[in-house]
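Heads up: the structure comes next, in structure tokens.
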Amino acid sequence: MHLLVYDTLTKADYTFIKEKMQDYQTPIGMLVELKEYEGFTFQAFWEDIKIGFNSYNKFKKIAIVTDKHIKALIKTADFLTPGLDFKVFLQTERAEAIHWIENK
């Protein structure tokens, strides 16, 4: 699954993710590209927590490609969803992110 986010991550982005997750019966890899990332809304944060607790087992890996420093955000997500691999890549490392998702 590929999610491209410009500016701010919103509840609508998580609604899209939840709808698309229904299409998959086995855990999937996900590529999240954050372009000109400015943060997320409170509603998006709440949806992230709900997905993290209820559906994190639907994902095997999540690669986040960004030009911003978001390590604290990833550490929080990693803490809330044990057993799920998160990894952050720079925009220049997009190909590496895709390779990481596709390989065990």
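List of remarks:
- Conditions (1) over 10 Å from the mean Cα position of the chain (by Cα); (2) modelled with pLDDT under 80: number failed by Gln43: (2)
- Pair list, Cβ under 6 Å, 6 or more apart: segment 27-48 residue on the phi < 0 side of the Ramachandran plot and of a type in the set (Ser, Thr, Tyr), other residue surrounded by fewer than 19 Cβ atoms within 10 Å (Cβ to Cβ) and outside any strand (DSSP E or B): Tyr37/Lys68; Thr41/Thr10
- Any hit, segment 71-81, residues being of a type outside the set (Phe, Trp, Tyr) and modelled with pLDDT of 75 or more: no
- Pairs linking a residue in segment 77-96 that is more than 20 Å from Lys50 (Cα to Cα) to a residue that is modelled with pLDDT under 85, with Cβ atoms under 6 Å and 6 or more positions apart or on different chains, are Val88/Ile74; Gln91/Asp67.
- Of all residues in segment 29-40, those satisfying the criterion of being modelled with pLDDT under 85 and either touching a Phe, Trp or Tyr at 6+ places or on another chain (Cβ under 6 Å) or more than 17 Å from Phe86 (Cβ to Cβ) (or both) are Lys35, Glu36, Glu38, Gly39.
- Given (1) in a helix (DSSP H, G or I); (2) under 26 Å from Glu102 (Cβ atoms); (3) modelled with pLDDT of 80 or more, number of the condition Ile62 does not satisfy: (1)
- Enumeration of residues in segment 1-19 that are charged (D, E, K, R) and within 13 Å of the chain's Cα centre (by Cα): Asp13, Lys18
The values are calculated or read from the model by the stated rules, or taken from the named source; none is laboratory data. None of these values were measured; they are calculated from a predicted model. Glycine also receives a Cβ, built like all others from the backbone with ideal geometry; neighbour counts cover every protein chain displayed.
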